[in-house]
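Accompanying notes for the structure given below.
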Amino acid sequence: MHPDAAGLSAAAELLRSGALVAFPTETVYGLGADATQGAAVAGIYAAKGRPSFNPLIVHVPDAASARRYVTWCDTAEALAKAFWPGPMTLVLPLKEGHGIDPLVTAGLETLAIRVPAAPLAQALLREADVPVAAPSANPSGRISPTTAAHVLAGLDGRIAAVLDGGPCEVGLESSIFAVGPPVQVLRAGHVTVEDVEHVLGEKPMPSVSPGITAPGQLASHYAPKAQLRLNATWAKDKETLIGFGNVEGDMTLSASGDLVEAAATLFALLHQLDARGVTRAAVAPIPDEGLGIAINDRLRRAAAPRDAV
Ligand code: TXA
Ligand code: MG
């Protein structure tokens with residue numbers, strides 16, 4: 001669907017009627033459903049072939065809307081003020097009378113909630129006027145989509161529509177923080193540990209929950225078909241070399257060594273490997289700092305043995 005007034009109102013109407021609509025956020029494309037309708041939410045799990053214990057992120061247009069569903073606190077307020085709308089998800093206790101279908105949280109007492117910044121996501125959420133549950137719009141275990149074409153490559157025929165807003169700006173899923181105390185990092189992303197420290201005055205902790213509830217942490221979650229070798233400075237045998245900075249490669253995450261560019265390129269590049277039928281690739285070292293931490297996290301998952309899921 002085109003991102004004009006007619007496309008938006010049709011997409012909003014589809015969402016309200018319980019259909020699945022993929023839409024662009026600044027991170028990746030989400031596969032949206034009305035979070036208050038169990039059947040619609042079940043449709044997400046079905047379309048993705050996703051294990052049912054994976055809870056979903058709910059998207060709302062602003063922090064005031066978020067407060068209708070979760071128990072708010074000063075820490076949430078400070079983080080929301082600093083990073084919403086934007087690529088950050090907060091995990092907070094569900095509030096009495098929230099109305100969110102339990103399938104969304106897969107039985108947890110907490111809800112992952114996010115206010116996306118992308119104007120089209122904002123417009124859709126306001127027009128639909130329902131909380132929208134949306135995982136990344138890809139089949140389970142596959143690469144997250146950063147264009148409408150990626151969405152259709154994985155889910156065509158299984159969803160009602162995709163709103164085409166062009167390529168995503170950030171290109172990497174949102175940072176997920178469990179709002180404690182203490183604040184814990186459940187998934188690294190564009191909003192970094194240092195960003196949070198700057199706002200709260202202390203560093204969030206790495207996730208300590210045993211058997212954590214965030215299957216984004218499962219070993220092989222972001223998998224291209226190709227076998228990946230990491231921290232490589234040259235290609236062995238018939239490997240395709242993915243460069244970064246000084247390591248040139250057959251293709252590159254960022255020739256100038258820019259981590260923001262590398263993050264925005266990452267998933268599209270992994271998709272390209274699949275499209276080109278590449279079976280083995282080597283990836284240049286990415287500095288493990290700032291956004292590089294999230295990129296390395298995704299790369300390790302992409303390189304993990306497939307039977308680990
Ligand atoms: O950028 C993003 O976050 C994208 C866009 C579409 O918003 N969405 C996304 O959703 O990446 P998904 O479903 O692929 O990843 C959501 C992650 C999963 O790892 C899930 O387990 C975790 O969030 N999660 C959801 N609810 C949770 C909860 N209550 N506690 C802990 N983790 C939770
Ligand atoms: Mg995903």
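A short reminder: the numbers here are calculations on the coordinates, not readings from a lab. The structure presented is a predicted model; accordingly, all values stated were derived computationally and were not measured. Positions of Cβ are generated from backbone atoms using ideal geometry, with glycine treated the same way; all protein chains shown enter the neighbour counts.
Using Cα atoms only, what is the angle between the long axis of helix 119-128 and the major principal axis of the chain, expressed in degrees (0 to 90) to the nearest 10?
It is inclined by approximately 30 degrees.
Would you work out which of Met88, Pro204, Pro102 lies farthest towards the positive end of the dipole of the chain, given +1 charges on the beta-carbon of Lys and Arg and -1 on that of Asp and Glu, about the Cα centre?
Pro102
Rounding to the nearest 20 debye, state how big the charge dipole of the stretch 227-303 is about its Cα centre with +1 on each Lys and Arg Cβ and -1 on each Asp and Glu Cβ.
360
Kindly provide the helix-only [θ] at 222 nm of the chain, computed as the sum of -39,500 (n - 2.57) over DSSP H runs of four or more divided by all residues, to the nearest 500 deg cm²/dmol?
-9000 deg cm²/dmol
Under a straight-distance cross-link criterion of Cα-Cα below 15 Å, which aspartates and glutamates are reachable from Lys203, leaving out those fewer than 8 residues away in the same chain?
Reachable aspartates and glutamates: Glu194, Asp195, Glu289.
Just add up the charged neighbours of Val183: K/R +1, D/E -1, any other residue whose Cβ is under 14 Å from the Cβ of Val183.
Neighbour charge sum, excluding Val183 itself: -4.
When we measure straight from the Cα of Lys238, which lysines land under 26 angstrom away, once same-chain ones fewer than 8 places off are left out?
Once the sequence-local lysines are set aside, what remains near Lys238 is Lys225.
Give me the net charge for the shell around Leu8: Cβ to Cβ below 15 angstrom, other residues only, Lys and Arg +1, Asp and Glu -1.
Local net charge: -3.
Which of His59, His2 has the fewest other C-beta atoms within 10 Å, and how do the rest follow up to the most?
Neighbour counts put them in this order, fewest first: His2, His59.
Would you mind checking the tilt of helix 259-275 against the longest principal axis of the Cα atoms of the chain, expressed as 0 to 90 degrees and rounded to 10?
80
When a/c is below 1.5 the answer is rounded, else prolate if a/b is larger than b/c, else oblate, so apply that to the stretch 5-206 with a ≥ b ≥ c taken from the square roots of the Cα gyration tensor eigenvalues.
Cα axes put the stretch 5-206 in the prolate bin.
Out of all DSSP beta bridges with both ends in the stretch 49-190, state the antiparallel percent to the nearest 5.
Of all bridge pairs located within the stretch 49-190, approximately 60 percent are antiparallel.
Is the shape of the stretch 1-75 best called rounded, prolate or oblate, per the rule: a/c under 1.5 gives rounded, else a/b larger than b/c gives prolate, else oblate, with a ≥ b ≥ c the square roots of the Cα gyration tensor eigenvalues?
Verdict is oblate for the stretch 1-75.
Could you tell me the center-to-center distance, by alpha carbons, between the stretch 52-80 and the stretch 88-161 in angstrom?
Spelled out, the Cα-based centre of one part sits 12 Å from the other.
Nothing charged except the Cβ atoms of Lys and Arg (+1) and of Asp and Glu (-1): what's the magnitude of the dipole of the chain about its Cα centre? Round to the nearest 20 debye.
Its charge dipole is roughly 900 debye.
Can you tell me what share of the DSSP beta bridges in the chain is antiparallel? A percent to the nearest 5 is fine.
DSSP beta bridges in the chain are roughly 50 percent antiparallel.
Is there a quick way to get the dipole size of the stretch 263-309? I mean about its Cα centre, with the Cβ of Lys and Arg at +1 and of Asp and Glu at -1; what is the value in debye to the nearest 20?
Computed charge dipole of the stretch 263-309: roughly 200 debye.
Using only Cα atoms, tell me the angle between helix 291-303 and the longest principal axis of the chain; keep it within 0 to 90° and round to the nearest 10.
80
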